[in-house]
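**Q** Can you read through this structure? Questions will come right after.
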Amino acid sequence: MPNKSSVFEVSTKAGISLVIGPAGNCLAIYDDALAFDRLGQIAITRASHVEPDQAGNWWADLAPVGGPRLGPHRRRSDALAAERTWLGCNLPLLETRATAASVEQSR
């Protein structure tokens, strides 16, 4: 039987990864291919900001989830790809942080 700190990662047929925490919370990178509202009550929050700098380079700023600032990228699509890759690799860690913050708030 899994312990209370287990985090599970599953992938849908559409290739969307869902990370499910010990309290049943789910984190994912939003994609229209999955009807998230069918999973139950949802809360969609921004994980990053992809913006250009004054030189026209693009940056993916993952500060909203405690992540790095990725860039510079010459194209916006490259910054978006870097953002998606970083988020995909770090979803389990982000769920662990969210669970820890939730436990701390309930004290």
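The values are calculated or read from the model by the stated rules, or taken from the named source; none is laboratory data. From a predicted model like this one, the values you see are computed outputs, not experimental measurements. We place every Cβ from the backbone using ideal geometry, glycine too, and count neighbours over all the protein chains shown.
**Q** Within the stretch 13-63, which residues are free of Cβ contacts under 8 Å to residues at least 60 places away in the same chain, in contact with a strand residue (DSSP E or B) (Cβ under 7 Å, 6 or more places away or on another chain) and of a type in the set (Val, Ile, Thr)?
**A** The answer is Ile16, Val50.
**Q** May I pose another question? If you go through the stretch 1-28, how many residues are surrounded by fewer than 15 Cβ atoms within 10 Å (Cβ to Cβ), closer than 29 Å to Pro72 by Cα and either under 13 Å from the mean Cα position of the chain (by Cα) or of a type in the set (Phe, Trp, Tyr) (or both)?
**A** Looking only at that region, the number is 0.
**Q** From the list Ala81, Ala101, Ala60, which one is in a helix (DSSP H, G or I) and either of a type in the set (D, E, K, R) or surrounded by 12 or more Cβ atoms within 10 Å (Cβ to Cβ) (or both)?
**A** Of the residues listed, the single one that is in a helix (DSSP H, G or I) and either of a type in the set (D, E, K, R) or surrounded by 12 or more Cβ atoms within 10 Å (Cβ to Cβ) (or both) is Ala81.
**Q** In the stretch 37-44, is there at least one residue being of a type in the set (Lys, Arg), closer than 20 Å to Gly21 by Cα, surrounded by 11 or more Cβ atoms within 10 Å (Cβ to Cβ) and out of contact with any His (no Cβ under 9 Å at 6 or more places or on another chain)?
**A** No; the residues of the stretch 37-44 include none that is of a type in the set (Lys, Arg), closer than 20 Å to Gly21 by Cα, surrounded by 11 or more Cβ atoms within 10 Å (Cβ to Cβ) and out of contact with any His (no Cβ under 9 Å at 6 or more places or on another chain).
**Q** Ok, one more. Using the structure shown, decide if Leu87 is of a type in the set (A, V, I, L, M), touching a residue at least 60 places away in the same chain (Cβ under 8 Å) and under 22 Å from Val10 (Cβ atoms).
**A** Criteria not met by Leu87.
**Q** Residues in the stretch 49-63: is at least one at negative phi and under 12 Å from the mean Cα position of the chain (by Cα)?
**A** Yes, because at least one residue in the stretch 49-63 is at negative phi and under 12 Å from the mean Cα position of the chain (by Cα).
**Q** Arg84 versus (1) modelled with pLDDT under 90; (2) under 11 Å from the mean Cα position of the chain (by Cα); (3) basic (Lys, Arg): which is the lone unmet condition?
**A** The failed condition is (1).
**Q** With the structure loaded, tell me whether Val19 is touching a Pro at 6+ places or on another chain (Cβ under 7 Å), assigned to a strand (DSSP E or B) and not aromatic (Phe, Trp, Tyr) or whether it fails that test.
**A** The answer is yes for Val19.
**Q** Among the residues of the stretch 63-78, which ones are part of a helix (DSSP H, G or I), surrounded by 12 or more Cβ atoms within 10 Å (Cβ to Cβ) and out of contact with any Leu (no Cβ under 6 Å at 6 or more places or on another chain)?
**A** Arg76, Asp78
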